[in-house]
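Trainee: Sharing a structure, written as structure tokens. Questions coming.
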There are 2 protein chains.
Amino acid sequence: MNDSPTRPVVETFMRTLQNRVITAFEAQEDSGTTFTRTPWQKEANAPMQGGGITATMKATGSKAVFEKVGVNFSCVHGQFAPQFAKEIPGAAESDGAFWACGVSLVAHMANPHVPGVHMNVRRIETSKGWFGGGADLTPAIPYDDDTAHFHAALAKPCHAHGPHSHARFKQWCDEYFFLPHRGEARGVGGIFFDYLEDDFDHGFALVQGVGEAFLEAFVPLVERRKHTPYTAEHKHAQNLKRGRYAEFNLLYDRGTRFGLQTGGNTEAILMSLPPTAIWE
Amino acid sequence: MNDSPTRPVVETFMRTLQNRVITAFEAQEDSGTTFTRTPWQKEANAPMQGGGITATMKATGSKAVFEKVGVNFSCVHGQFAPQFAKEIPGAAESDGAFWACGVSLVAHMANPHVPGVHMNVRRIETSKGWFGGGADLTPAIPYDDDTAHFHAALAKPCHAHGPHSHARFKQWCDEYFFLPHRGEARGVGGIFFDYLEDDFDHGFALVQGVGEAFLEAFVPLVERRKHTPYTAEHKHAQNLKRGRYAEFNLLYDRGTRFGLQTGGNTEAILMSLPPTAIWE
């Protein structure tokens, strides 16, 4: 499984994407703080092999832009447990063997006028292979023009993928990032897709396009809002929104729950949690 | 189901317990803040009937003792969904009919030297009937003598219940309030019990004893620590502990997850979440 012919090109893309995001975010960070990269590797006898690089930046002080951001790259392979393999396309036919490679990113911003953001792209192969991922925005103080810019930028790679792809991936995102117990969306959406059993090149082009579009979609919002003055009330609204974000990730997010229940890297999985939160 | 002969005496006990706790907590609150009681009632055609009283107090300012505390009483009856009824003792034989009555309490304290606390007592009847509940302590800054006092006070009603009851309920508590993904306990424990199919009088005596012992176990700790000076580092430690508390309640707590998934009262269910939290 690990010697899949597609793995080298995917891994190179993912490593490059992680570094491009890090560079772009550091260029926006006014406090002088930079990312800390921490490589990790599964133990030799673990059921899962491989490793990755977690990269985090936590800026403090009046010039801070990124209060807490994590950009994780990982590339792992191994054997799904039989019970779990049943739920994964093509895993029964591969005797549970799989490899997976991706980049996952969550940014919680110091200035409550700058929206929080999440992005993920991944390739998974069993006896089948597919791409998944997406990007979505969580403003504490929504601005219609920010939301419109974000959606328009992410629509581009979707349009190149197919005429209905953007509408489909946008709706998928709205359905996934929803808190039923609150009757409210986590944020203002974006795109989400999974199990795209395209031919490799078509799917890979989408994921490469999303990686590209993500920076175009998000970085201008940081630039536009990071110096906007804010009040204690704005920060309070952001902390309330962060409480909802924590609720979603702990109650519903499939990646978080699966990761924790299968003995994944707790610190890397829970990196998505906000730096602070308030419940009223 | 709702005309069970045991219901009036249980309901009276639970209502009285809620009021006793409120009175004892208000006597400790130095800011002058008092509880707000909010009665609620299920709609006439809801699958569950009945109602309750949520009581919350949120003190602010330098004299605040209880930063956020909720003491909820509820008494409901109705019909479990067939799928869920299978998991509940005696519910298949009652065609899903049940009634339930209890008090549930979570206190998050302003001073990080005062431990957070949780207490719950409940009676549930289907074709069977049982008591459940317990109380447990979550200090941010643990003091051995506080922990010892808490355990000793809660041991009393357990000893009256049976020679091995305290050891059993204490271990049950440690097993239940554990975060496997962190490899750590939520707090320093207490007691937890469920499905106690004693004869009614024996079980009721335990639950009455726990209600009594809870105030003896906790109020002296509030009195002892609420004026201890604390630093920003102490408050930071408390907020980190509160992050773990939110993780437990959202990822694992059966009551929280069941309540949200079955359309319970979201605000009442999530009242247990801390007022603030930090993740590093």
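The values are calculated or read from the model by the stated rules, or taken from the named source; none is laboratory data. Computed from a prediction, not measured in an experiment: that's the story for all the values here. Glycine also receives a Cβ, built like all others from the backbone with ideal geometry; neighbour counts cover every protein chain displayed. To get the accessible areas, we keep the full protein, side chains included, count just its heavy atoms, and leave off ligands, DNA and RNA. Shrake-Rupley method; radii C 1.70, N 1.55, O 1.52, S 1.80 Å.
Trainee: Across bins of 10 angstrom width beginning at 0, how are the C-alpha pair distances of the range B:25-69 distributed, in whole percent?
Mentor: Result, from short to long distances: 27, 35, 19, 16, 3 percent.
Trainee: GNM on chain B, C-alpha springs below 10 Å: top fluctuator among B:ASN72, B:ASN120, B:ASN19?
Mentor: Residue with maximal mean-square fluctuation among B:ASN72, B:ASN120, B:ASN19: B:ASN19.
Trainee: In degrees from 0 to 90, rounded to the nearest 10, what is the angle of the helix A:200-225 Cα long axis to the longest principal axis of chain A?
Mentor: It works out to around 10 degrees.
Trainee: From the label point of A:ALA46, set 7 Å along Cα to the beta carbon, how far off in nm is each other copy's matching point, shortest first?
Mentor: Listed shortest first, these distances are 4.5 nm.
Trainee: Calculate the radius of gyration of the Cα atoms of the range B:1-89 to one decimal place, then report Dmax, the largest Cα-Cα distance, as a whole number, both in Å.
Mentor: In Å, with Rg to one decimal and Dmax whole: 16.9, 51.
Trainee: How large is the convex hull of the C-alpha atoms of the range B:113-188 per residue, in Å³?
Mentor: Taking the convex hull of the Cα positions in the range B:113-188, it is 113 Å³ per residue.
Trainee: Lys and Arg at +1, Asp and Glu at -1: add these up for the other residues within a Cβ distance under 13 Å of A:GLY203 and post the number.
Mentor: -3
Trainee: Rg and Dmax of chain A over Cα atoms: what are they, in angstrom?
Mentor: According to the Cα coordinates of chain A, Rg and Dmax are 18.4, 57 Å.
Trainee: For a quick size check, give me the Cα extents of the range A:1-153 along its three principal axes, largest first, whole Å.
Mentor: In descending order, the Cα extents are 52, 33, 28 Å.
Trainee: While we're on this one: Considering only C-alpha atoms, what is the centroid distance from the range B:187-204 to the range B:140-159, in Å?
Mentor: Between the Cα centre of the range B:187-204 and that of the range B:140-159, the gap is 17 Å.
Trainee: What distance in nm separates the two pseudo spin-label positions at A:LYS235 and B:HIS234, each 7 Å out from Cα along the beta-carbon direction?
Mentor: 2.2
Trainee: Continuing with this model, one more query. Could you identify which residue out of A:ASP174, A:ASP136, A:ASP198 has the top mean-square fluctuation in a GNM of chain A using Cα springs shorter than 10 Å?
Mentor: Comparing A:ASP174, A:ASP136, A:ASP198 in a Gaussian network model of chain A, the most mobile one is A:ASP198.
Trainee: What is the interface area between chains B and A, defined as buried accessible area summed over both chains with a 1.4 Å probe, reported in Å² to the nearest 100?
Mentor: Working: alone 12780 and 12750 Å², together 23530 Å².
Interface area, both chains combined: 2000 Å², rounded to the nearest 100.
Trainee: Please give the calculated 222 nm ellipticity per residue for chain B, where each DSSP H segment of at least 4 residues contributes -39500 (n - 2.57) and the sum is spread over every residue; nearest 500 deg cm²/dmol?
Mentor: -13000 deg cm²/dmol
Trainee: When only alpha-carbon atoms count, how far does the protein assembly as shown stretch along each of its three principal axes, as whole angstroms with the largest first?
Mentor: Here the Cα extents, ordered largest to smallest, are 71, 54, 50 Å.
Trainee: Using a basic spin-label model with each label point 7 Å from the Cα along Cα→Cβ, how many nm lie between B:GLU26 and B:ALA167?
Mentor: About 4.3 nm separates the two model spin labels.
Trainee: Multiplying the sequence separation of A:HIS227 and A:THR266 by 0.36 nm and subtracting their Cα-Cα distance, what value in nm do you get?
Mentor: 10.7 nm
Trainee: I would also like to ask the following. I want to check a number: in chain A, how many lysine pairs have alpha carbons closer than 23 Å, given a sequence separation of 8 or more or different chains?
Mentor: 15
Trainee: Could you work out the relative contact order of chain B, using alpha carbon pairs under 8 angstrom and six or more residues apart, expressed as a whole percent?
Mentor: Dividing the mean separation by the residue count of chain B yields 16 percent.
Trainee: What does the C-alpha gyration tensor say about the overall shape of the range A:177-241? Classify as rounded when a/c is under 1.5, otherwise prolate if a/b is larger than b/c, or oblate.
Mentor: Cα axes put the range A:177-241 in the oblate bin.
Trainee: Chain B: which residue's Cβ hugs the B-to-A rotation axis most tightly, distance rounded to whole Å?
Mentor: Axis-proximal residue of B, distance in whole Å: B:LEU250, 2.
Trainee: For an R0 of 35 angstrom, estimate the FRET efficiency from the Cβ-Cβ distance between A:GLU43 and B:GLU216 and round to the nearest 0.05.
Mentor: About 0.10, to the nearest 0.05.
Trainee: Let me ask something additional. With a 1.4 Å probe and all protein chains kept in place, how much accessible area does A:ILE88 have, in Å² rounded to the nearest 10?
Mentor: So the heavy atoms of A:ILE88 present about 30 Å² to solvent.
Trainee: Students often get this wrong: which residues of the range A:112-130 have the backbone nitrogen under 11 Å from the point 7 angstrom along Cα-to-C-beta of A:GLU93?
Mentor: Correct set: A:126-129.
Trainee: I want to check the label-to-label distance for B:THR36 and A:THR12. Put each point 7 Å from Cα in the C-beta direction and report it in nm to one decimal.
Mentor: Modelled inter-label distance: 6.1 nm.
Trainee: Using a ≥ b ≥ c from the Cα gyration tensor of the range A:204-264 (square roots of the eigenvalues), is it rounded, prolate or oblate, where a/c under 1.5 gives rounded and otherwise the larger of a/b and b/c decides, a/b for prolate?
Mentor: It is oblate, given that a/c is not under 1.5 and a/b is not larger than b/c.
Trainee: Okay, next question. Between B:PRO47, B:PRO139, B:PRO89, which gets the highest mean-square fluctuation from a Gaussian network model of chain B, Cα cutoff 10 Å?
Mentor: B:PRO47
Trainee: Averaged over its residues, how many other protein chain Cβ atoms are within 10 Å of peptide A:247-253's Cβ atoms?
Mentor: So the per-residue partner count for this stretch is 4.
Trainee: From the Cα gyration tensor of the range A:132-269, with a ≥ b ≥ c the square roots of its eigenvalues, which class applies: rounded if a/c is under 1.5, or else prolate if a/b is larger than b/c, or else oblate?
Mentor: Oblate is the answer for the range A:132-269, as a/c is 1.5 or above yet b/c matches or exceeds a/b.
Trainee: Considering chain B, which cysteines have no disulfide-compatible partner, defined as another cysteine with its Cβ under 4.7 Å away?
Mentor: If one checks each Cβ against the other cysteines of chain B, B:CYS158, B:CYS173 turn up with nothing under 4.7 Å.
Trainee: Is there a simple number for the mean count of other chain Cβ atoms within 10 Å of the Cβ of residues in A:269-279, and what is it? Display every interim value, and only then the final one.
Mentor: Details: counts 1, 5, 1, 1, 7, 4, 5, 6, 11, 5, 12.
Whole-number average of other-chain Cβ neighbours for A:269-279 is 5.
Trainee: Assigning unit charges at the beta carbon (Lys, Arg +1; Asp, Glu -1) and nothing else, what dipole magnitude in debye, to the nearest 20, does chain A show about its Cα centre? Mind dumping the intermediate values first?
Mentor: Details: 26 positive and 31 negative charges, 117 e Å.
The dipole magnitude comes to about 560 debye.
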